[in-house]
Amino acid sequence: MEPNWALARKRPALEKRARIVHAIRAFFVAGDFLEVETPHRLPGNAPELHIDAIACGDGFLHTSPELCMKRLLAAGYPRLFQICRCWRQGERGRRHLPEYTMLEWYRSGCDYRALMEDCEALFATLCPDGQLAGVDLTPPWERLTVAEAFTRYGSLSLDEALVTERFDEIIALEIEPRLGQERPTFLLDYPAGHAALARRKPDNPHVAERFELYIGGVELANAFSELTDPDEQRRRFEQEEAERRRLGKTPYPTPEKFLRELALLPDAAGIALGVDRLVMLLTGAQTIDDVVAFTPEDL
Amino acid sequence: MYTCADLKKGLKLMVDGEPYVITQFDFTKPGKGQALYKCKMRNMITGNIYDRTYRSGESFEPAALEDRDMQYLYQDDSGYVFMDTKNFEQVSLSEETLGDDHYFLKDNMEVKILLFNGRGIGITLPNFVNLRVTHADPWVKGDTAAGNNKPATVESGYNLAVPSFVETDDLIQIDTRTGEYVTRVKE
């Protein structure tokens, strides 16, 4: 019998993937971040309307390690990172897998701006020639607010999009493809209702300190200044959870330990970056299937 | 009824009373926002292509189509002719309707022909077909890496990538659903 051709031909991509993961790890270790592992199966995730977890035994597979990472921050760990598998029900497309690899890192004593600088520095080590598929990686990268992006690229203004509930559609279809084309773009300052775990801007309560990183039209990372007020976090969870239940989704238990310890969380910021998409960008792959050994359909 | 979770490449559904097949599908989701299902669909009668984007919560009617077992007979001016071996009824499909599938047809091949109001509008081939390689670059001695590939042409004129050890006159198996090489076949 011949070796499985579909697997054998992925070898250059898988070798590159391994080198990228090693380089990421070396970058964070050199920056004095502690690498941690947290449980993949949880009693419940942070409730978010548009993210569905996969049930597993009497709990759920995590959709992000964020709750455990923030409990560690609250316990006094200043800099943390984790590279782990995450699961999201029903997400399958050219850039989506229901099981994928996430890189998350967290810093205390700063806000989301420090994470933008981390992103710039991480790419300087991953792409020493300062170029990635025609995108110039020289810092500082573009910082574009969501409101400016709607004005520049959208068929509606941000306010009109929010009123007509077309925010996601305009972001995905009109704005995203234009971002990060000449140099990477940080799309920042989201409407407060679109950032369930982010801190509001001190000088503008309608805007949350959240950003997404785009390179070549690809959404690569989501970050925010962490919300540290347990009462406001509880209210937001209750709101999201009520909406989830209204849509008939499996209820999550309230993460009481997380909410209790949130009171001790210092000013901090955290970011989640899709490793598979990063490898896609660095290898020029057109689909996420090309950078993983097995897709769900291959099993 | 189908929901958005059923949407995928190859799904056939009714839109405005006509059958459509999804030819390209992508799931996309902005950040933490609502999922969007981007479809490129071909009208199975006119061949026209449309882009449609659906949001979760929408539902779709399956296309009213009949799948019938038929046998491939021959190619003539009208296109590719197939026969129902039970009642000897014949239908003809154009090369345009068949797309790349015409490369994988062999005489007397048993296929499924898709009918809409008695008209042939699509085909389902056996999953695998064996075809002879009519041209492949010679094997370079020492090139034993399993993942290396090179271009080749098979008897029907179809071009595909094959592993470096495949040579002219080899019989190879092709997956008709993806058009990709599977393995060499012993004769």
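The values are calculated or read from the model by the stated rules, or taken from the named source; none is laboratory data. The model shown is predicted, which means the values in this text are computed figures rather than measured ones. Positions of Cβ are backbone-derived with ideal geometry, glycine not excepted, and every protein chain shown enters the neighbour counts. These area figures cover heavy atoms from the full protein model, side chains too; ligands, DNA and RNA do not enter into them. Shrake-Rupley method; radii C 1.70, N 1.55, O 1.52, S 1.80 Å.
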So B:Thr153, is it in contact with a His (Cβ under 6 Å, 6 or more places away or on another chain) and in a strand (DSSP E or B)
yes
Would you point out which residue out of A:Glu169, A:Glu182, A:Glu209 is within 22 Å of A:Gly270 (Cβ to Cβ), in contact with a strand residue (DSSP E or B) (Cβ under 9 Å, 6 or more places away or on another chain) and among the acidic types (Asp, Glu)?
A:Glu209
Do the conditions hold for A:Glu226, that is, is it in contact (Cβ under 8 Å) with a residue 40 or more places away in the chain, away from chain B (no Cβ under 14 Å), surrounded by 19 or more Cβ atoms within 10 Å (Cβ to Cβ) and out of contact with any helix residue (DSSP H, G or I) (no Cβ under 9 Å at 6 or more places or on another chain)?
no
List the strands (runs of 3 or more DSSP E) that sit entirely inside region A:44-132 and contain at least 2 residues that are away from every other protein chain (no Cβ under 14 Å), of a type in the set (D, E, K, R) and surrounded by fewer than 19 Cβ atoms within 10 Å (Cβ to Cβ).
A:79-87
Counted residues in region A:191-208 being assigned to a strand (DSSP E or B) and either open to solvent by less than 10 Å² (accessible area, probe 1.4 Å) or within 14 Å of chain B (Cβ to nearest Cβ) (or both) come to 3
Could we say that B:Tyr80 is away from chain A (no Cβ under 14 Å), aromatic (Phe, Trp, Tyr), open to solvent by less than 60 Å² (accessible area, probe 1.4 Å) and in a strand (DSSP E or B) here?
yes
Quick one: which residue in B:Gly57, B:Gly47, B:Gly10 is touching a residue at least 24 places away in the same chain (Cβ under 8 Å), surrounded by fewer than 18 Cβ atoms within 10 Å (Cβ to Cβ), within 14 Å of chain A (Cβ to nearest Cβ) and in a loop (DSSP other than H, G, I, E, B)?
B:Gly57
Write out, first by first residue and then by second, each pair whose Cβ atoms fall under 8 Å of each other, whose residues are 6+ apart or on separate chains, and whose first residue, in region B:98-118, is within 16 Å of B:Gly79 (Cβ to Cβ) while the second is of a type in the set (Asp, Glu) and part of a helix (DSSP H, G or I).
B:His102/B:Glu95
Just checking, which of A:Thr151, A:Thr138 is out of contact with any Leu (no Cβ under 9 Å at 6 or more places or on another chain) and either more than 13 Å from chain B (Cβ to nearest Cβ) or part of a helix (DSSP H, G or I) (or both)?
A:Thr138
Being among the β-branched types (Val, Ile, Thr) and within 10 Å of chain B (Cβ to nearest Cβ) is the filter; apply it to region A:171-190 and report the residue that is farthest from A:Glu160 (Cα to Cα).
A:Ile175
Per the list (1) in a loop (DSSP other than H, G, I, E, B); (2) in contact (Cβ under 8 Å) with a residue 12 or more places away in the chain; (3) more than 30 Å from A:Val207 (Cβ to Cβ), residue check on A:Glu2 breaks on (2)
Given the criteria among the acidic types (Asp, Glu), touching a residue at least 24 places away in the same chain (Cβ under 8 Å) and under 14 Å from A:Pro296 (Cβ atoms), does A:Glu91 qualify?
no
If the Cβ limit is 7 Å and pairs must be 6+ apart or interchain, which residue in region B:155-178 that is over 25 Å from B:Glu110 (Cα atoms) pairs with which residue that is hydrophobic (A, V, I, L, M, F, W, C) and part of a loop (DSSP other than H, G, I, E, B)?
B:Ser164/B:Trp139; B:Ser164/B:Val140; B:Phe165/B:Trp139; B:Glu167/B:Trp139
Residues A:Leu179, A:Leu213, A:Leu187: which one is farther than 30 Å from A:Asp231 by Cα, at pLDDT 95 or above and aliphatic (A, V, I, L, M)?
A:Leu179
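Residue-by-condition table, conditions (1) open to solvent by less than 30 Å² (accessible area, probe 1.4 Å); (2) not charged (D, E, K, R):
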site: B:Gly122; (1), (2): yes, yes
site: B:Leu125; (1), (2): yes, yes
site: B:Leu131; (1), (2): yes, yes
site: B:Trp139; (1), (2): no, yes
site: B:Glu155; (1), (2): no, no
site: B:Asp169; (1), (2): no, no
site: B:Asp175; (1), (2): yes, no
Restricting region B:13-38 to residues that are out of contact with any Asp or Glu (no Cβ under 6 Å at 6 or more places or on another chain) and among the hydrophobic types (A, V, I, L, M, F, W, C), the one nearest to the other protein chains (Cβ to nearest Cβ) turns out to be B:Phe27
Among the numbered conditions (1) open to solvent by 70 Å² or more (accessible area, probe 1.4 Å); (2) assigned to a strand (DSSP E or B), tell me where B:Leu73 comes up short.
(1)
